[in-house]
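Readers should treat all values here as calculations from the given coordinates under stated rules, not as data from a laboratory. What you see is a predicted model; the values in this text were computed from it and never measured. Virtual Cβ from ideal backbone geometry, glycine too; neighbours counted across all protein chains shown.
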Amino acid sequence: MKFGVSTFITDQGIAPTALGRAVEERGLDSLFIAEHTHIPAERRSPYPGGGELPEMYYRTLDPFVALSAAAAVTERILLGTGVALVVQRDPIITAKEVASLDLVSGGRMIFGIGVGWNKEEMENHGTDPRTRGRLVDERLRAMRELWTEDKAEFHGEFVDFDPVHSWPKPVQRPHPPIYVGGGERAFPRVAAFGDAWLANSLPPGELGTAIARMRSVAGRDVPVTVYAVSGKPEIIEEYTHLDVERLLLYLPTRPEAETLAHLDRLAAAADRFR
């Protein structure tokens with residue numbers, strides 16, 4: 001089993017350069033970071049985790065800028081968005097950002113995507129929450145055209161452009177792996193676009209059945225990465241009995257010294273099962 005880290009990079013926590021180096025030095029294989037462009041001051045959408053929305057959600061760095069900084073000081077770790085909110089992103093700009101990060105990292109980018117939960121946030125980007133699933137699927141199809149065709153065009157319900165040239169192309173061909181986040185409603189999206197399913201904190205007792213359902217919908221053995229996993233060894237051990245490729249151990253957003261100490265504990269726990 002492979003082990004990486006999932007976290008929020010903010011202006012109050014460890015810098016992305018220091019974090020990238022630390023993850024690589026400890027033998028972990030990947031760094032996935034979350035995205036929120038902003039948090040509306042008056043929010044009706046309930047926080048999925050329950051209770052008050054943690055402060056880190058308000059302060060996230062742009063994931064492509066942060067991961068580019070980490071790419072510049074590392075050589076091996078995979079660099080993933082966990083997740084990029086495609087509902088809030090222009091597909092032509094995002095396709096260029098994905099390809100550019102893949103290029104500057106030497107082909108180490110993973111494009112983790114999701115539809116999001118904060119309806120007011122996506123509405124501020126002009127997205128109707130009722131059609132966000134169709135919007136995400138269409139934008140992903142448009143981005144695939146931009147990554148793979150020298151002269152790309154797309155005509156759909158939400159995305160429409162005549163033939164265009166867009167470079168750079170990704171180093172990884174046909175494009176960086178797409179890790180599809182979400183629950184059961186995302187399984188058709190996994191089937192259509194997913195190089196992996198990014199299961200968000202699903203407990204081991206529920207994950208095995210969910211993997212079987214997901215693969216039944218996909219019609220193939222889609223790899224599974226689990227996001228935001230506790231670093232407790234007894235929890236990790238439960239996941240090792242399932243058909244999971246990678247665990248992303250959750251790293252709280254803290255200043256550098258606290259983060260490095262916590263990262264040491266996560267790496268030591270992972271070492272027990274590698």
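Listed values, structure above:
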{"read-out": "Filter pass, Arg274 being over 25 Å from Leu61 (Cβ atoms), outside any strand (DSSP E or B) and free of Cβ contacts under 8 Å to residues at least 24 places away in the same chain", "value": "no"}
{"read-out": "Selection count where residues are more than 18 Å from the chain's Cα centre (by Cα) and small (Gly, Ala, Ser), scope segment 129-145", "value": "1"}
{"read-out": "Residues within segment 48-102 that are under 28 Å from Phe161 (Cα atoms), touching a residue at least 40 places away in the same chain (Cβ under 8 Å), of a type in the set (Asp, Glu) and not in a helix (DSSP H, G or I), tallied", "value": "0"}
{"read-out": "Scan of segment 145-157 for residues that are surrounded by fewer than 17 Cβ atoms within 10 Å (Cβ to Cβ) and not small (Gly, Ala, Ser), ordered by number", "value": "Thr148, Glu149, Asp150, Lys151, Glu153, His155, Glu157"}
{"read-out": "Selection count, segment 65-91, where residues are within 18 Å of Met122 (Cα to Cα) and either among the hydroxyl-bearing types (Ser, Thr, Tyr) or under 13 Å from the mean Cα position of the chain (by Cα) (or both)", "value": "6"}
{"read-out": "Residue list for segment 162-187, filter: surrounded by fewer than 16 Cβ atoms within 10 Å (Cβ to Cβ) and farther than 26 Å from Ser105 by Cβ", "value": "Asp162, Pro163, Gly183, Glu184, Arg185"}
{"read-out": "Matching residues, segment 26-47, being assigned to a loop (DSSP other than H, G, I, E, B), closer than 18 Å to Asp11 by Cβ and of a type outside the set (S, T, N, Q)", "value": "Ala34, Glu35, His36, His38, Ile39"}
{"read-out": "Hey, Thr225 among the polar types (S, T, N, Q), crowded, with 18+ Cβ neighbours inside 10 Å and either at negative phi or in contact with an Asp or Glu (Cβ under 7 Å, 6 or more places away or on another chain) (or both) or not", "value": "yes"}
